[in-house]
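Below is one structure, written out as structure tokens, with a few remarks after it.
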Amino acid sequence: MERVQDPGIRDWNFPRGIASVALMVGYAGEQGVPAGRVLAGTGLAESLLRDPDAQIDAHIELTVVRNLVRELADRPALGVEIGRRYRITTFGIFGFACVSSPTLGEAISFALRYLELSFTFSLPVAEWREGEFIAWVHDELIPADVRQFLVERDVTAMHQVMSDLLGRPLPLARAEFRFPEPDYAERIEAFTVVRPRFGRPRNLFAIDPVVLDQPLPQANEQTWAMCLAQCRALVHRRRARTGIAADVRELLVPGAEGFAGPPGIDSVARDLNMSTRTLRRHLDAAGTSYRALLDEVRRALAEEMLSTTPLSVSDVAIRLGYAESSTFIYAFKRWTGVTPAAYRRDRAVRR
């Protein structure tokens, strides 16, 4: 049965850790380019690169990328060289969650749900087909001047990390890129193994789906559960809403009796004294939507009720405005990767 999983984000403009910038600055230093030239225009002090908790705006990393590409413009396959340096440890708790996942397929699903904990600018969409797994790599939103570099970097990094997870090089069934064939195509083929095709309508790489179900060598259920919880908490902190999104969230939070049925977007727009069309436009500019905010509110309330009350799953579903428990269970698994019952059991064990 075919299945498609979109990433948990809509574009590359999300806050990110400093590790990716530190990696690129380190590489530039090895090529004789001082850190100051790579960090020019970012306002970042070199000392900040050693702070594992530092957060930066995506546009800051984009400035570093532009500086790097300009300084090393004569270096072929720069994106590939940089991409191969991204390892599991580069991604912190996000990487540890992937490495402790039961299978590569589970790791990929998790990574897509929490993609904002990565450093990617390319947005992958996963498609499970009969006999083939395809990752469509979208680059349409990346600025044209650094698009090819970032596609090369991100695809190479994805392949490198998946190979690390398996403990061996990941064989690709095919690889295609939108950009024209470069002079260094053989450098790309060195990691894809199969001959890449260039000038194609879309970027993609495909692998045999049998690989997805093989247990990962460092899989650990307890570590995985702990890492998932920490990733959820980290995403929650990064998603702290302000402005119009905060106003909508406030209107979506139900009273003590729960949702009689969640307020629709038309009702929310009226409460904010604007048209529905204007509200949609403001939310889109803020990088979110009515549906995404409703899901955030429902998820937070569901996790709280499952963790702190004896309410049945059916009762929780009713209080969140779902007509059917099955609809709530499906939504909760989409948000968290586990069913409400499994989430409650995990919380009970940890207490």
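The values are calculated or read from the model by the stated rules, or taken from the named source; none is laboratory data. Here the structure is a predicted model, which is why all the values come from computation and not from measurement. Every residue, glycine among them, receives a Cβ derived from its backbone with ideal geometry; neighbour counts consider all protein chains shown. Surface accessibility is based on the protein's heavy atoms, side chains included, excluding ligands, DNA and RNA. Shrake-Rupley method; radii C 1.70, N 1.55, O 1.52, S 1.80 Å.
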Task: In region 310-351, the residues that are more than 29 Å from residue 3 (Cβ to Cβ), open to solvent by 60 Å² or more (accessible area, probe 1.4 Å) and part of a loop (DSSP other than H, G, I, E, B) - done: 310, 351
- [ ] State yes or no: is residue 201 under 21 Å from residue 101 (Cα atoms), open to solvent by 20 Å² or more (accessible area, probe 1.4 Å) and assigned to a loop (DSSP other than H, G, I, E, B)?
- [x] no
Task: The listed residue being touching a helix residue (DSSP H, G or I) at 6+ places or on another chain (Cβ under 8 Å) and either modelled with pLDDT of 90 or more or of a type in the set (Phe, Trp, Tyr) (or both), out of 336, 278 - done: 278
TODO: Hey, can you tell me all the residues within region 215-224 that are out of contact with any helix residue (DSSP H, G or I) (no Cβ under 6 Å at 6 or more places or on another chain) and surrounded by 13 or more Cβ atoms within 10 Å (Cβ to Cβ)?
DONE: 219, 220, 223, 224
Open item on the list: Can you report the number of residues in region 136-171 which are closer than 16 Å to residue 12 by Cβ and not in a loop (DSSP other than H, G, I, E, B)?
Closed with: 17
Task: Answer from 323, 331 - the residue that is free of Cβ contacts under 8 Å to residues at least 12 places away in the same chain and either of a type outside the set (D, E, K, R) or more than 18 Å from residue 250 (Cβ to Cβ) (or both) - done: 323
Open item on the list: Checking residue 307 against (1) in contact (Cβ under 8 Å) with a residue 40 or more places away in the chain; (2) surrounded by 15 or more Cβ atoms within 10 Å (Cβ to Cβ), only one condition comes out false. Which one?
Closed with: (2)
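Out of the residues in region 163-190 that are among the aliphatic types (A, V, I, L, M) and open to solvent by 20 Å² or more (accessible area, probe 1.4 Å), state the one that is modelled with the lowest pLDDT.
Once the filter is applied, the top-ranked residue is 190.
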